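Structure provided below as structure tokens; questions to follow.
What follows is calculated from the coordinates using simple rules that are stated; it is not laboratory data. As the structure is a prediction and not an experimental result, all values here were calculated from the model. Cβ atoms come from the backbone with ideal geometry, glycine included; neighbour counts cover every protein chain shown.
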Amino acid sequence: MRVLAIAHNTFRESVRDKVLYVLLLFAALSIFGAKALGWISVGQDIKIVKDISLASISLFGVLVAIFVGTSLVYKEMDKRTLYTIISQPLHRYEFVLGKYVGLAAVLALVTAVMTLSSACYVLVLGGSLEAVYFLAAFLIFMKLLLVTAFALLLSSLSSPILGAIIVFCLYLFGHATGVFKDLPPQFEGTFAKQMLEVAYYVIPNLSNFDLRSEAANGVAVNPLFVVWVLIYGVSYSAVFLLLAAAAFQEKDL
Amino acid sequence: MNAIETSQLTKIYSGLGKKATRSLDHLSLSVQEGEIFGFLGRNGAGKTTTIKLLCSLLKPTSGEAFLFGQNARTRESRRLLGYLPEQPYFYEFLTPRETLDFYGKLRGLGSSERTRQWERLSELLDLKDIAHQRIKSFSKGMRQRIGFAVALVGDPPLLILDEPMSGLDPVGRRTIRELILRCRDEKKTIFFSSHVLADVELICDRVGILVRGQLTQCGRVDTLLGGHVDQVELVVRGIRAETQATLREQAEQHRILEDVEVFVLGSRAAANDAIRLVQSGGGEVVELHPIKARLEDYFMREQARHEEVPRGDVA
Ligand SMILES: Nc1ncnc2c1ncn2[C@@H]1O[C@H](COP(=O)(O)OP(=O)(O)OP(=O)(O)O)[C@@H](O)[C@H]1O
Ligand SMILES: [Mg+2]
């Protein structure tokens, strides 16, 4: 109830914010404009429309997650709207959780709108849609949930700009964790190698959530893999959320 | 049971690269249920720090605070508390109606209760006309009224108000004063900070004076002023010359204003004697004013006395 009240407000705030619509507009332009700009040649149309659509959903979702997420708690501390909220009979973690759920709902809306409109576009172009397309969009959403949890953690620790930079780094490294593992031979036995191996195991591997080529080619995915990715995403998000709540618990406001 | 009880409450702000300051120094204070307590101090004395500790926005460095016997760091204690921050900030994208609804939900009120609450508080604070405008466009006075309404959500028995009258015009100040008195009539306890002495003097049962994080005085307004003899101003008409001569001997001051004469007498007893004398001498008492020692004078003296001692910096 209290968590939902906070979540509802967070959702309302984002939905009443113009930035969201500007981002959505850019996403729409990149999906619908790809053809108009002649990036796509006849014959490969549908595959590439699907691919570009999923890439835009991922990119714009991550932009929302980073820019809204890293200021979620910080903004409330900065603007002191927290004073009258934290002095209410609620646990501090309920506040953190409410903020998270609210932004998650915004992201769900954003991904749903983009997925459905791109799906309609594919149908209008005469293409066929497989379940894997929607599955791919859903896994992108799971990835956004993970990135949001990390952004929220940083939001209770640092300023939005620093936070956004760090989350963006996590996002980049998360898509390229392989480089930490497959190092050139000269790293063998060095301290740097050990550190990078730790990074490999700590930084979430975000390419796990990427089903773009399967979706573009309409290839089915093993359900067990999907379940595993879900567990993977939820665990990482939960850990980040717990850390965020712990960081916020003892904070002087 | 005391509504507020603090024991040795201390707050030292420290942070990376910042010099640690002891903003509140072993504050032990109790506020009884049902009273209006004024918390006085100059800018930076530590009033807001104290209030934030009571509302569990800050963690004390040492010491404890209790609200109705519950440790102020528990959630249960916050159920009993309504808080108006120094400059209340609310979500700018919400309307007053939505704002009160939101706080009602945080307090676990059901939907019909929240509607009733809105009816009551919008009436009390005159919010009906602005119910559906976004707070973004509101003036200080309107925001303060919303802040007061938010503090009253859930009908808590204790109100903690941080400078509730600052930044308001005389009408606004009076509104807030009346609200505070009204809440007292509803048996609420009110703890508020201020540096405007006139406001405190008018409505408080007791005051505490904070100087550089230390409580230097605490007590009833009249006992704090007790050492200073009240004077009484007596305005009379039509007294005989010998009565006038006797009164002039007893009075500390004497003035003649057109058809009346004004005597300032040093005590209540002296004033009583003088009244009898006027009446037996065929004169008429036109007016009688007690001249109280002003809290402001007292405050300035206290302040000066303690300012000489340097602030306890943390080594
Ligand atoms: N977050 C903080 N970090 C460091 N020092 C602080 C912090 N907040 C307050 N202080 C210091 O604590 C002291 C007391 O501040 P506080 O805000 O409690 O005073 P106040 O009595 O409310 O003053 P005012 O009348 O101006 O509101 C001041 O010296 C202030 O500089
Ligand atoms: Mg203050």
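Kindly express, to the nearest 10 degrees and within the range 0 to 90, the angle between helix A:160-174's C-alpha long axis and the longest C-alpha principal axis of chain A.
40
How many nm separate the modelled label positions at B:Asp205 and B:Asn71, each set 7 Å beyond the Cα in the direction of the Cβ?
Those two pseudo-labels are separated by 2.8 nm.
Moving on to the next point. For chain A, what are Rg and Dmax over the alpha carbons, in angstrom?
Final numbers for Rg and Dmax: 19.7, 62 Å.
List the residues whose amide H sits under 5 Å from the amide H of B:Gly82, counting only those 5 or more places along or on another chain, with H placed 1.01 Å from N in the peptide plane.
Long-range HN contacts for B:Gly82: B:Leu158, B:Leu159, B:Ile160.
Taking each residue in A:73-86, count the Cβ atoms of any other chain within 10 Å of its Cβ, then average. What number comes out?
Mean number of neighbouring Cβ atoms from other chains: 5.
Take the alpha-carbon positions of the protein assembly as shown, form their convex hull, and give its projected area averaged over all directions (one quarter of the hull surface) in nm².
38.5
Return the average number of partner chain Cβ atoms within 10 angstrom of each residue Cβ along peptide B:87-93.
Counting other chains' Cβ atoms within 10 Å and averaging over B:87-93 gives 6.
Right, something else. Just give me a number: lysine pairs in chain A, eight or more positions apart or cross-chain, with C-alpha atoms less than 13 Å apart.
Counting lysine pairs in chain A gives 4.
Also, I was wondering about something else. Determine, for each peptide in B:34-43, B:181-190, the mean count of other beta carbons within 10 angstrom over its residues, then list the peptides with the highest first.
Highest mean packing first, the order is B:34-43, B:181-190.
Let me ask you something else. In whole Å and largest first, what semi-axes does the C-alpha gyration tensor of segment B:186-299 yield when each eigenvalue is scaled by 5 and square-rooted?
One finds semi-axes of 38, 14, 12 Å for segment B:186-299.
Can you order the peptides B:2-9, B:169-176, A:10-17 by their average number of other Cβ atoms within 10 Å per residue, highest first?
Most protected by this proxy first, the peptides run B:2-9, A:10-17, B:169-176.
Give me the one-decimal nm value for the distance between modelled label points at A:Ser235 and A:Asn222, 7 Å along each residue's Cα-to-Cβ direction.
1.7
Would you work out which of A:Asn217, A:Tyr93, B:Gly213 lies farthest towards the positive end of the dipole of the protein assembly as shown? Charges go on Cβ: Lys and Arg +1, Asp and Glu -1.
The residue sitting most towards the positive pole is A:Asn217.
Same structure, new question: Restricting to DSSP H runs of at least four residues, report the calculated mean residue ellipticity at 222 nm for the protein assembly as shown, -39500 (n - 2.57) per run over all residues, nearest 500 deg cm²/dmol.
Calculated mean residue ellipticity at 222 nm is -17000 deg cm²/dmol.
Turning to a different aspect of this structure: So how do B:Thr49, B:Thr243 line up by other beta-carbon neighbours within 10 Å, fewest first?
So the ranking, lowest neighbour count to highest, is B:Thr243, B:Thr49.
Have a look at the DSSP beta bridges in the protein assembly as shown and tell me what percent are antiparallel, nearest 5.
Of the beta bridges lying entirely in the protein assembly as shown, close to 65 percent run antiparallel.
Still on this structure, please answer the following. Between B:Gln279 and B:Leu181, how high is the FRET efficiency from 1/(1 + (r/R0)^6) when r is the Cβ-Cβ distance and R₀ = 30 Å? Nearest 0.05.
0.25
Expressed as an acute angle from 0 to 90° and rounded to the nearest 10, what is the orientation of the C-alpha long axis of helix A:2-15 relative to the principal long axis of chain A?
It is inclined by approximately 50 degrees.
Taking the Cα centroid of segment A:123-198 and of segment A:48-91, what is the distance between the two, rounded to the nearest whole Å?
If you average the Cα positions of each part, the centres end up 17 Å apart.
Something else about it: Peptide B:104-110: average number of partner chain Cβ atoms within 10 Å per residue?
Mean inter-chain Cβ contacts per residue within 10 Å come to 5.
If you place +1 on the Cβ of every Lys and Arg and -1 on the Cβ of every Asp and Glu, how big does the dipole about the Cα centre of chain A come out, in debye to the nearest 20?
So the dipole magnitude of chain A works out to roughly 540 debye.
To continue, here is another question. Can you give the convex hull volume of the alpha carbon atoms of chain B per residue, in Å³?
184
Still on this structure, I have one more. Where does segment B:122-263 land on Rg(C-alpha)/(2.2 N^0.38 Å)?
The value comes to 1.56.
Show me the ranking of peptides A:73-79, B:109-115, B:235-241 by mean Cβ neighbours inside 10 Å, starting with the highest.
Those peptides, ordered most packed to least, come out A:73-79, B:235-241, B:109-115.
What is the dipole size for the protein assembly as shown, taken about its Cα centre, with +1 at each Lys and Arg Cβ and -1 at each Asp and Glu Cβ, in debye to the nearest 20?
1260
Which angle between 0 and 90 degrees, to the nearest 10, do you get for helix A:45-69 versus the longest principal axis of chain A when only C-alpha atoms count?
Once rounded, the angle reads 10 degrees.
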